Structures are given as structure tokens and as C-alpha cells.
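Below is one structure, written out as C-alpha cells; the observations come after it.
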Amino acid sequence: MQFLAMLQDASASTGSSPIMTIIMFGLIFVIFYFFIIRPQNKKQKETEKMIAALKKGDKVVTIGGIHGTVVTTKEATVVVKVDDGTKIEFSRSAIASVVVDKKEEEKLAKKNAKEKDKAKQVEDKTDKAEAPVADADNNTEKTSSEESK
């Protein structure tokens with residue numbers, strides 16, 4: 001009995017309120033979310049996207065460390081050519097990464113840059129076509145597409 005009384009006195013003397021305890025638990029949860037849960041979810045989404053985008057000719061590495069080239073893809077599996085006459089069928093989830101050559105990566109970057117430039121040029125042309133034009137007779141503004149009608 002005396003021991004329980006001492007414990008109660010000790011807890012009462014610290015003066016920590018239940019609000020501070022709740023705040024500390026909330027702070028720990030926020031830290032776990034931003035440093036553990038969120039990055040893991042991002043990585044999982046990237047992996048799922050990579051697996052869904054597998055196609056014939058991709059160079060891949062499996063979770064077991066086997067390097068090869070994708071020969072065929074099926075709904076749940078991938079056939080990987082490891083050597084001239086050797087083909088192995090893996091589950092899609094066994095693919096750890098897709099290997100991208102630096103030359104191919106540069107080509108993709110240039111292609112993406114060209115596509116962005118073309119899209120920007122088309123966007124600029126449409127903006128110019130929709131520019132307001134002053135109508136001298138009515139003192140009103142019309143767009144060039146309305147003017148051509």
C-alpha cells in the first residue's frame with residue numbers, strides 16, 4: 001500500500017498534463033508519417049508504375065540479382081532472356097528495376113524536351129489566335145476567331 005501511495009505522489013509531482021502527452025504522441029505520429037510512411041508509399045507507387053510499364057526489350061534486374069532482357073510479358077508474369085538460349089519466367093513482382101542505358105536516357109530527355117517545345121509553340125499560336133481585336137465600328141473587342149466568321 002505504501003508503495004502505491006508513493007507512485008501516486010511521484011506522478012502527481014511531475015505535473016505533466018494529459019494535453020502534453022497527447023501533443024507528444026501527435027508529434028511522434030507526424031514524424032513517423034513524414035520520415036517513414038510517406039516515403040515508403042511513394043517508393044511503392046513508383047515500383048508499381050515501373051512494373052506496369054514493362055515491355056518487350058527492356059533490360060531488367062530481378063530481386064535475386066539476375067540480369068536479362070524482357071522477351072514477353074503476360075498478365076502476372078514476365079519471360080526474361082538471360083543468355084542466348086536461356087529464358088526464365090518470373091512473377092512481375094520479382095522485377096527489382098529496369099536498367100536504362102545513359103544513351104537511351106539522353107535520347108528520351110531530348111525527345112521529351114522537343115515535345116514540350118512543340119506543345120508550347122502550339123499553345124502560343126492558340127493564344128495569339130484568341131487575342132482581342134478592336135472593332136472600329138462598334139468600339140467593342142472581338143477575338144480573331146469571331147472576326148473570321
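The table below gives the values:
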item	result
Pairwise FRET efficiency - S97 versus R38, Cβ, R0 = 22 Å, nearest 0.05	0.55
Listed pairs K49/K102; K49/K81; K74/K102; K55/K114; K45/K125 exceeding 26 Å between Cα atoms	K74/K102; K45/K125
Extension gain from T77 to L54, taking 0.36 nm per residue of separation minus the Cα-Cα distance	7.2 nm
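Just so you know, all these numbers are worked out from the coordinates, no wet-lab data involved. Given the structure is predicted, the values throughout are model-derived calculations rather than measurements. We place every Cβ from the backbone using ideal geometry, glycine too, and count neighbours over all the protein chains shown.
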